[in-house]
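No value in this document is a laboratory result; all are computed from the given coordinates. Quick caveat, the model's predicted, so the values are computed rather than measured. FYI the Cβ positions are ideal-geometry reconstructions off the backbone, even for glycines, and counts take in every protein chain you see.
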Amino acid sequence: MQFKQILLLAILCANVFFAGAQTQSSSISGSLRSNLGEPVHSATIKLQNTSYGAVSDQNGQFTINNVKPGNYIVLIKAIGFNDHKTEIKLAAGQNLKLSIKVTENVEQMETVNVLGRTVAQETNRQAFNVTAIDAKKLYNSTLDISGALDRVAGIRVRESGGVGSNFNLSLNGFSGNHVKYFIDGIPMDNFGTSFQINNIPINIADRIEVYKGVVPMWLGSDALGGAINIVTGDRYRNYIDVSYSYGSFNTHRSVLNAAATSKNGLTVQLNAFQNYSDNDYKVKVEASDIYTGAFAPAALLRRFNDKYHNETVIANVGVVDKSYADKLLIGFTAGKNYKEIQTGARMIQVFGAWHRKGTILMPTLKYKKTNLIPGLDVTVNANYNLGTEQNIDTVNARYDWFGNSKPTGTNSGERSRSMYKYKNNNGLATAMFNYKINERQSVALSNVFNTFNRKGSDELNPTNNDYETTKKNTKNVLGLGYNYDVKDRWSTTVFGKYISQNNTIGNSANASSLTTKFGYGTAATYFLNRNLQLKASYELTNRMPDAQEIFGDVENQEGNPSLKPEKSNNINLGAGYSFSFNKVNNFSINANAIYRHADNFIYNRLNANQSKLVADNRDGVRTWGGDAEIRYSYKNWLTAGSTITYQFLRNLQMYEPGYTSVSPLYKDQMPNIPYFFGNTDVSVTLKDVARKGNTLNIGYNLLYVHAFWLYWPSLGSRAAGDEKRVVPQQFSHDMNFVYSMAGGRYNIGVEAKNITNAFLYDNFSLQKPGRGFYLNLRYFINKTTK
Amino acid sequence: MKTKFTKAFVALAFAAVFASCSKSNDSEAVANDPGNYILAVTPVASTGVADYLLTASDLEKGTVSILGNGIEQDGTYRYYVTANNKFFSMLYGQGNPGAVTTYNITNGKLTKLSNFASETVQAFAPVNDDILMLKIPRAITNPLANYYRVNTNSMLIAGEGTINTQTILNNGETAFFSWIKQVGTKVYAPFFSIKACCGAAFGTANPDNAWIAVYSYPDMKFEKVITDNRTSFIGRYFTDGLAVVENGDTYAFSSSVATSNGTILNSTKPSSITRLKAGVTEFDQTYLYNVETKSNGYVITNWTYVGGNNFVANVSKKADKGAYVVGNELAIINVVDQSFKLVTGLPIPAEITNITSNNYSPKDGKTAYYGLNLKNGTSYVYKIDASNATATQGVKVEGGALTAIQNIK
C-alpha cells in the first residue's frame, strides 16, 4: 500500500517536472452555472489524476492555464451540488471553452449552513484559528474596516474618539503592533497614516481574514499575536460601485470602486474614497476655566478641534489572464489626511489648534501567476512609500474646554512648537512561491523585506540635533512551510520563519546592530464529520520592535531605542460545529481556547509626562482565554448571532527595576486591557417590499464591553469616592435599515449609532461620539459576461 | 437532535469556564488607616500613576499599603504642598500642562475639592493666602518666567504675570529659580545662573556666587538681587534652600553643585550655610557655616527645618557630590551652634535606594518624619529625633516607594 503511494507520488512528481518542459501548452476556461442558471462560485475544478485545477470565482468563471495537451476528465465539486464529470480532449495550443451546468444536491444543502459556504466561510475551514468576515454583507453600511473587525469574537477595537481617531486593536490579548495588517497578503506597515484600517471603507474589501495567534507562513511577517488580511479580491472584471453617506457631526463619506477589463485582458482598476467629519460631538468632561481655574467637574461641552478628513485614490493598470501572468498590475496609491488633535492622552489636556497632516504616495507592483510551471504559484509584490507626515503645533497658547485660549507668552506651541516634516522612506518587497507536489502536499517559500529610513526637518527648529541622527532599519522575514491536505478530512501545516533585523540608531560607529530570530509552528485541522471541525495550532513566534516603536512617530509615540525583541508561545484550540433542525433553523457554533506566554512582551505605557505612549518590555505576560460565536438563521430571512470573548492577561514579571524583592504586582492582571466583551446582532431581510425584487434589511447590533481598570487592579482604593481610574462598562446599540432596489443596483441605508446616547469610552476619559444618524446611498452595477 | 444540542452546550460551557476565574489574592490585605497624615507612595511598575495617596493615623507604628488602598494621582510626577489645611497635589508635566488637584481631610479621609489644568511649574510655595507657582524658562530664547497665584480659599487663580529671568543679572545667562520662599512680606527667590543653550542647558560660567532675587507680593515686582561670593548658588534644582527660623533670620544652604555643562562640577566654593538677618536684605558676612569642614567631608543636599534652629539635613560624602545626587545619610545641624551630628539608627547608605525630600515636621524643635526606600523593596517612615540625633523605624509602607510625608488638620 505504502509502496503504491510512493509510486503514485513519484509518478505525480515526474508528471509535474516533465510538464515544465513542455513547449506548447493549452488552457481550459469556462463558466459554471446551477440548474437554475445562477453562477456557482467556490467550486473546485480539477483534471482528474493531475495537479491541474482551479476554483470558480463569484461569477462562476474559472481558468486553468498551461495544461499539457491530452485527454482528461474534468471533475467539478461544489458544496451543495452533485459532483460533475466531463471528458475532454485538449489539443496543443488550444484554449478550450467549457460551459457546465451542475445540479443542486438537496440532501447536502440540508446539512450545511443554509446561507451557503461563501469564500469567507471557506477561509474559516483552514487549520489556522481564523475568522473571515464577508465584507460584501456590510457594503451598505458606513463601517470602516475597524468597525467591521470590532464585531469579531476575540477582537476589540479601541478608538480614542470619532472619525479618524487613533485606534488600537486587541486580538486575544495581544494588541498594537503584536497584530499585523495586510492587504491582499502585503504587509501594511509602511502605508503611513493616510491608509489605515480606521479610514479604509469596508467597500474596498471583499473579505477580511482574522488570524488569531498562529499566522500562516504565507503572510510573511513577524506578527506576535495574529494578523488581519484585507482581501480586496478581483470580484468583477467590469463594475462600478459608488456610495455616499452623510450624517451627524457633519460626517461625509464617499467610496468609488470600479474596474474595466477588455477582452484581451487589459484591466484598469480604481478605488477612491473619502472621509470627512467635524467630530464636534458633545463630551462630558472635567473642565476648568483657563483664566481662573474655576472647576466644573461634569461640564457637557462640544469638541472644537477634532476635524478629520482623508482622501485616497488607488489606481492599478495591467493585464489579467495572460500566459505569463494571471495578474500583472502597476499601481499607484495617492492619498492625504488632515487631523486636528483635540486632546492629549487625557481629556484634561485640551488643544485648540494643534494638528497633523500626512500623505501617501506609493507606487506598487503586483504580480501573480498560478501554475507558472504546473503546480508552482508565484506571487511578487513591491511598493515604496514616498509620502510625508507633518506635525503642526504653532499656536503659542493654552486652551480650555470652553474654547478659550490664553497666550503662553513664549514660543512654546501648545505642546511643543513644531512643524516637523519627515519621510519614513519605507519600501517593501515580497515574494511567495507555492509548489503543489501532488494532490495533498505542497511546500511554500516566502520572503518579505522592509526598509525604513526616516529623514526630516523642522523649519521652526532647524538646529535640533535629533533630526540629524540616523534612523534606519531593515528587516527580512524568510519563511518555509509544508502543507498536507486531505480535502474535507484533515489538513496540517508546519513552518519555520527566520527573521533578521538591522537597526541603525544614531550616528556613532557602532550604531548598527543585527538581530536574528528563528521561530516555528504547526497547525492542524480535522473534520470529525462534515459539520464538526477541530483545530489546533502552536507557534513559537518572534517579533522585532518596529521602526515606530524604536524611533517614535513624532506625535503620540515616543521612541525607545533599547527595546528588545519579543517572543511568544501561542497555543490555540478550536472547534466549529454546524447543524440544522427542522430544516429551517440553522446553527453554527465556533469556540476557541487560547494560551499565550510572551517573554519581553512589548506593551505601550505612558511616558514620563503622560503626554505620549512609549513601548517598553515586560519580562513576561501570560494570557489564557477563549472566545465563542454562535450564529443562527431561520429560513432565508432571519439571522442572529452572538460573540463572547474572555481573556485573562497576567503579569509574570517577578522583579521590578529598583526592587530586589518579589513585586507585589507579580501575577496581577495586566491593566488597561479589555478582558470581557461581546457582540450580538439580529438582522431581518424582507423580500419584495413595495415592489418585486426590492428588499428591506433591518439590522440591530449590540456591543458590550465590561469595565476594566486603567492602572494595576490591585493598587489603590476602589471605594466610590476614591476615583480609582476605570474604563466603564459600555453598551452601544446600533440599528440600520437598508432598502435595495433593482436587485441591489440601488441601495438606500439609514443607520443610527449609539441609539441610547450613552457615554462610551474605550480609553480612559476619551469619550467617543454620542447618538448619530447616517444616510447612505449606494449604486452598484456589474457586467458579468466576459 | 438532542445530542447536537448537547454538543453545542458543551462548547458554550467550555467558553464560559474561562469567564469564571480570577486572580486568587494570596497576600493578606492591609486595611485602610484613616488619619491626618498623608503619605504619597509611587507604586512599583508604574503605568502612569504618579503616586497613591494614603492616610495614616500614626507614623510611628503599623503598616499601610497601597494594595487596595490609596487615591490614584495622575501623571508620572506629582509634587505636594500643604497650605491653609489643604493638600495640593501638583502634576508635573514638563513641557505639557500640569494640574493642581486639591484635597482636604474630613474624618481622616481625603476628599477632592478641585482639579484644574495649569502650567507645569518648577517652584511653588505658600505665600500669604496663596500658593505661588513659577514656570521657569530654560531656553535662552525665552526670557520670561510665568507666575501664578492660586488662592487657597477659593482654589481659583487670583493673578498671574511674568518675570524676566535674563535682566536680573544681565550676565548673558538666564536665572533659574531653585525655589521660592516668603520672607516677611517679600518673596525671596534664590536662583542659579544657567547658559540655557547649546548642549549646556544647566551649565554656567558663573559657579561661584549665590544670589537671591527679591520680589514684592502680590504684584511680584523685582526689587533687588542679594549677592554673596562666599558660596555657590543657594538650593538646587527643585529644592528649597531657604528656611526662616523663629527669630526671623533666614538661613540658606549651598550644595556647591554648579556645573560647566550640566554634569562637570565647576564651583570652587565649599558646601556651606549662610544667613540673612531678620529685616536685612543682605547676606550676614559675619556668619559662614562651612559644612565640609564642620562635618569632616560631607556636603548638604537638602534639609527640613524642625524648629529651635535645628535642621535635619540630607548629606552625602563630598566625593559623591553631583548636581542631582541626594544624600543617603541624615545629619542634625544646629545653625546657631554650628553643630553637625550624623543621625544614628538608620540603615547603612548602601541599603538605601533613596530618602524622601518632602518630609513632615511638627516644628517642635526636634521631630521630623522621613521616608526611607530600601533596596530590598521595603519602605518605612523613620522618626528623626534631633535632640539626640537618632532615628527610629516607624510605619511600614507596602506596594511602592514613599515620596512625600505631610499632615493637615
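Summarising the label geometry, the points placed 7 Å from Cα in the beta-carbon direction at residue A:488 and residue A:507 lie 6.8 nm from one another. Pick out, in residue order, every one of the chymotrypsin sites (Phe, Trp or Tyr not before Pro) in the stretch A:246-331 that is DSSP loop and has at most 16 other C-beta atoms within 10 Å; say none if there are none. Answer by residue number: A:291, A:324. Between helix B:2-18 and chain B there is an angle of about 20 degrees, using the helix long axis and the longest principal axis of the Cα atoms. At an R0 of 25 angstrom, the distance between the Cβ atoms of residue A:99 and residue A:262 translates into a FRET efficiency of 0.70. If R0 is taken as 35 Å, the Cβ-Cβ distance between residue A:684 and residue A:282 corresponds to a FRET efficiency of 0.60. Take the Cβ atoms of residue B:222 and residue B:85, set R0 to 30 Å, and the FRET efficiency comes out at 0.40. A simple spin-label model places pseudo-atoms 7 Å from Cα toward Cβ; at residue A:532 and residue A:313 they are separated by 5.6 nm. 3J(HN,Hα) along the stretch A:182-190: 9, 10, 6, x, 9, x, 9, 3, 9 Hz, from the Karplus curve 6.51 cos²θ - 1.76 cosθ + 1.60 with θ = phi - 60°, whole Hz, x for Gly and Pro. Relative to the longest principal axis of the Cα atoms of chain A, the long axis of helix A:2-19 makes an angle of roughly 80 degrees. Classify the stretch B:121-287 as rounded, prolate or oblate from the Cα gyration tensor: take a ≥ b ≥ c as the square roots of its eigenvalues, call it rounded if a/c is under 1.5, otherwise prolate when a/b beats b/c and oblate if not. In terms of gyration-tensor shape, oblate.
Where nothing but the Cβ of Lys and Arg (+1) and of Asp and Glu (-1) is charged, how large is the charge dipole of the protein assembly as shown around its Cα centre, in debye to the nearest 20?
Around 3660 debye, computed over the protein assembly as shown.
Placing +1 on the Cβ of every Lys and Arg and -1 on the Cβ of every Asp and Glu, with nothing else charged, gives the stretch A:519-599 a dipole about its Cα centre of roughly 780 debye. Ordering A:224, A:312, A:271 by Cα displacement along the dipole of the stretch A:214-312 toward the positive end leaves A:271 in first place; charges were set at the Cβ atoms of Lys, Arg (+1) and Asp, Glu (-1).
Residues within the reach of a label modelled at residue A:660 (point 7 angstrom out along Cα to beta-carbon, backbone nitrogen below 19 Å), restricted to the stretch B:324-344, are B:328-329.
Residues of the stretch B:341-368 with an amide N closer than 12 Å to a point placed 7 Å from the Cα of residue B:388 along the Cα-to-Cβ direction: B:344-345. Given their separation in residues at 0.36 nm each and the Cα-Cα distance between them, residue A:704 and residue A:89 gain 215.5 nm when the chain is fully extended. For the stretch B:277-309, the residues whose amide N sits under 20 Å from a probe point set 7 Å from the Cα of residue B:214 along the beta carbon direction are B:277-288.
In a reduced charge model with +1 at each Lys and Arg Cβ and -1 at each Asp and Glu Cβ, the stretch B:116-257 shows a dipole moment near 300 debye about its Cα centre.
Each of B:127, B:194, B:235 was placed along the dipole of the stretch B:121-287 (beta-carbon charges, centred on the mean Cα), and the one lying farthest toward the positive end is B:194. Electrostatic tally near residue A:295: other residues with Cβ closer than 9 Å to its Cβ, Lys and Arg +1, Asp and Glu -1, net -2. Amide hydrogen proximity for residue B:353: with H placed 1.01 Å from N in the peptide plane, the residues at 5 or more positions away or on another chain lying under 5 Å are B:373, B:374, B:375. Electrostatic bookkeeping for residue A:475 treats Lys and Arg as +1 and Asp and Glu as -1; over the other residues with beta carbon under 10 Å from its beta carbon, the sum is -3.
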